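The values are calculated or read from the model by the stated rules, or taken from the named source; none is laboratory data. Given the structure is predicted, the values throughout are model-derived calculations rather than measurements. All Cβ positions, glycine included, derive from the backbone under ideal geometry; neighbour counts span all protein chains shown.
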Amino acid sequence: MSERTSGQLPIAGTADVRRAAGRLLRADRGAFAAVVGLNALAAGAGLAGPWLLGRIIDDVRAGGGVRAVDRLALWILVCALAQLLLARWARYVGHRFGERTLARVREEFVDRTLALPASVVERAGTGDLTARGTADVATVGTTLRDAGPQLLINGAEFLFLLGAVFVLDPLLGVVGLLCLVPIWCVLRWYLRRARDGYLAEGAATSDVAEILAATAAGARTVEALRLEDRRIAASREALETSRRTRFYTLYLRTVFFPVVEVSYLLPVAGVLVIGGVLHERGAMSLGSVVAAALYLRQLSEPLDQILMRIEELQSSGASFARVEGLARAPRATAGEAPLPADDRIDVTGVRYTYGRGGEVLHGVDLTVRPGERLAVVGPSGAGKTTLSRLLAGVDAPSEGTVTVGGVPVVGLGPERLRRQVVLVTQEHHVFLGTVRDNLLIAEPAARDEELWAALEAVGAADWVRELPEGLDTRLGDGGCRTDGPQAQQLALARVVLADPHTLILDEATALLDPTTARHTERALAAVLEGRTVIAIAHRLHTAHDADRVAVMEDGLLTELGTHEELVAAGGAYAALWHSWHGERPASA
């Protein structure tokens, strides 16, 4: 497992989240206005029931007959039916609005993720990015689809019901409002603590995902170095942190909701007491007292839903802050750098340090001429992979410069960099989709004959032709499975289609058997004739075929020359070569 500095991706501030939410609402303002309007109409229709019931009580006390009661009861039924239909219509429009908005959130997340420099993603870890793209986006989606529209419905109901009590009698309205003060107090207590609590819970979840992903990916290394106890201890520590953060948010809820539930009874009790006194003095009819009590009793349902949604919004707000935080992450250069004068690569005085680790490159100087085939060899840990990452612009040197055509490699925009330098490692990925989809990633305008030529170049054309639908065969889950060598050949075929000026192969054929690997390397060399090829090699036949060989030892470039020159020199490369062939050096 490669060493890297840790550091999670940024988290957006409250103001950033509000601006992002406003931007999403403005993007579909028509649907949002329809949701608000329909909810208001539904809430207005719901006000008729208690008022009409109060009328019935007053009419009966005044000696009204059955006909008057039936007429008012029929209006109650009509209003209830209207409220049901309007609420369902509002929910339907709200769900469609939520799904469209969620699609925009997902698209923005993908665009921002693809714009992140590879070094930023690696420092953050796959766990953090995965947690944001799955759990956090799903939480935001649930809020947009369900909690958001429902909050509008309940908010409109709450305001209309409270307003109806004030219309009946301002004094009863004030009493009901004052009895809601305990809810306001506990809500403020909760909100001051909830956002930080849920952010900590989300970060802990990311840490758990990162540790599990790293352990699974490096399982063989863990077993080989007997690191099982360390990884188990790290996993337990992360799980314990996650448990503590979840228990804290649970504690907040266990204080918040009981106080709220008890407080629901206070407005109804207060109105009944004050209303009873007013009725006894003849200042208010019994029907008005009953209607006001029913309004405040009904108030508990939307208020309960609002408070539950507020609790949910704290969780989704923290998730939204993590999703929107990608907007604050460093982005790949947009391409303002000048164009390289040529394809010459110069490494001058390069030093590199991995975060808290020690220095791994100690002043490397190297020039790679255009069209040259350079092999970089050396023992494990010598700095070969680090050098390849600097050459490809994945990381920037701590000191010194790496330039192509006189322009710093890290200053090139993504598109220019992809055309200039491409790094291919033994890590590969088959994307969900067809074979054609997997290849067109490198060159969207490529024709089928170009795709077949690229597959032929890397020795993959035969097995692709044997697939049920050829280039249109789906790969991955639900489709044809590809093994390691086939996936690696697809990755190399993408390189052929990208047609870079400089190709860096860091054990790019490691998963292929030696015969296939050598055939593939030679086929690639033939296809990329005239291009610069830098191969980080463990198989020394790659060095034998190269124009020059660079030997790395302990972060230093110790030898540089042709294969024949270095073997004749009897240095480190000669020892590697003889060891590779099982020979004893001539001087022994």
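The set of residues from segment 107-133 being at pLDDT 80 or above and either more than 26 Å from I211 (Cβ to Cβ) or surrounded by fewer than 16 Cβ atoms within 10 Å (Cβ to Cβ) (or both) comprises E107, E108, V110, D111, T113. For S316, indicate whether it is closer than 30 Å to V105 by Cβ, crowded, with 17+ Cβ neighbours inside 10 Å and modelled with pLDDT of 85 or more. Considered against the rule, which asks whether it is closer than 30 Å to V105 by Cβ, crowded, with 17+ Cβ neighbours inside 10 Å and modelled with pLDDT of 85 or more, S316 comes out as no.
Picking from residues in segment 336-391 that are of a type in the set (G, A, S) and buried (at least 20 other Cβ atoms within 10 Å of the Cβ), the one that is nearest to G530 (Cα to Cα) is A375.
Is it fair to say T403 is closer than 27 Å to G349 by Cβ, touching an Asp or Glu at 6+ places or on another chain (Cβ under 9 Å) and at pLDDT below 85? So T403 does not fit the description; no.
Of T249, T254, T245, T241, all but one fail to be of a type in the set (S, T, Y), farther than 30 Å from R145 by Cβ and part of a helix (DSSP H, G or I); the exception is T241. Condition check for L227 on (1) of a type in the set (A, V, I, L, M, F, W, C); (2) closer than 23 Å to L129 by Cβ; (3) surrounded by 13 or more Cβ atoms within 10 Å (Cβ to Cβ): one failure, at (2).
Among the residues of segment 392-415, just one is in a helix (DSSP H, G or I) and closer than 14 Å to T532 by Cβ, namely V409. Taken over segment 416-465, the criterion of being part of a strand (DSSP E or B) and under 30 Å from P338 (Cα atoms) is satisfied by V421, V422, L423, V424, T425. Being loosely packed, with under 14 Cβ neighbours inside 10 Å, acidic (D, E), assigned by TED's automatic domain parsing to the domain that holds A131 and part of a helix (DSSP H, G or I) is the requirement here; does E210 meet it? Here the answer is no, as E210 does not meet what is asked.
When the residues of segment 418-440 are filtered to those that are without any contact (Cβ under 8 Å) to a residue 60 or more places away in the chain and surrounded by fewer than 23 Cβ atoms within 10 Å (Cβ to Cβ), the one that is farthest from the chain's Cα centre (by Cα) is R436.
Inspection of segment 232-246 identifies at least one residue that is among the acidic types (D, E), over 30 Å from L47 (Cα atoms), in the same structural domain as L303 (by TED's automatic domain parsing) and under 27 Å from the mean Cα position of the chain (by Cα).
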